[in-house]
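Right, one structure below, let's go through it.
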Amino acid sequence: LDQQAAMIKELFPEAKEVGLLYCSSEANSAYQIEVMTQELTKLGFRCTEFAFSDSSDVTSMTSTACQNSDVIYVPTDNVVATCAEAIRNVAERADHRGRGGRVRGLRRGNAVHQLLRAGPHHGRNGL
């Protein structure tokens with residue numbers, strides 16, 4: 001996870017706010033978020049958790065994360081993998097409204113490690 005945090009810093013050096021989007025019912029995700037928060041904080045980021053309990057509230061939580069984050073990190077999470085298309089659609093809509101950059105790294109059915117997106121402070125930077 002320390003290497004993933006370093007990658008976020010390398011790809012988005014001017015980012016300040018990292019949103020951590022995950023399913024709170026997945027114990028492995030809660031652990032990854034805890035460790036990732038520590039790693040990102042060491043690198044100077046402010047982290048905010050955006051936890052959803054199941055697929056029914058993933059779109060609203062993703063929208064909130066997009067509005068409040070420069071970069072969004074998503075851990076390996078089975079529920080997120082199932083909802084990847086919905087998450088991607090919300091993030092892309094935020095992009096089209098000028099709230100973010102390009103979305104990459106999130107595909108339906110794959111193990112999801114992270115979704116990185118440049119936020120409102122960084123114009124159209126991103127992957």
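What ranking of E10, E17 comes out by heavy-atom accessible area, probe 1.4 Å, highest first?
Listed by decreasing accessible area, they come as E10, E17.
Express in Å², to the nearest 10, the accessible area of R93 obtained by rolling a 1.4 Å probe over the protein heavy atoms while all chains stay in place.
My reading of the accessible area for R93 is about 120 Å².
Rounded to whole Å and sorted largest first, what semi-axes of the equivalent ellipsoid does the C-alpha gyration tensor of region 20-96 yield via the square root of 5 times each eigenvalue?
19, 16, 9
Where does the Debye-calculated log10 I(q)/I(0) of region 1-43 sit at q = 0.14, 0.19, 0.24, 0.26 Å⁻¹, using only Cα point scatterers of equal weight, no solvent?
Log10 I(q)/I(0), no solvent term: -0.32, -0.56, -0.83, -0.93.
Say each of N28 and L43 gets a label point 7 Å from the Cα, pointing the same way as Cα to Cβ; how far apart are those two points in nm?
2.2
Would you mind pulling out the separation of the Cα centroids of region 75-93 and region 9-58, in Å?
Cα centroid of region 75-93 versus Cα centroid of region 9-58: 14 Å apart.
Just reorder K16, K9, K42 by solvent-accessible area, largest first, 1.4 Å probe, all chains present.
On the way: K16 105, K9 75, K42 150 Å².
Descending accessible area places them as K42, K16, K9.
Round to the nearest 10 and report in Å² the accessible area of L43, as given by a 1.4 Å probe over the protein chains' heavy atoms.
Accessible area, nearest 10 Å²: 60 Å².
How much solvent-accessible surface does T41 expose, in Å² to the nearest 10, with a 1.4 Å probe and all protein chains in place?
Its heavy atoms expose roughly 80 Å² to the probe.
Give me the percent of accessible area attributable to carbon and sulfur for region 1-65, probe 1.4 angstrom.
Here carbon and sulfur together make up 49 percent of the probe-accessible area.
The values are calculated or read from the model by the stated rules, or taken from the named source; none is laboratory data. This is a predicted model, so every value here is computed, not measured. Quick reminder, even Gly has a Cβ in these numbers, built from the backbone with ideal geometry, and neighbours come from all protein chains shown. Side chains are part of the model used for accessible areas, which takes the heavy atoms of the whole protein and leaves out ligands, DNA and RNA. Shrake-Rupley method; radii C 1.70, N 1.55, O 1.52, S 1.80 Å.
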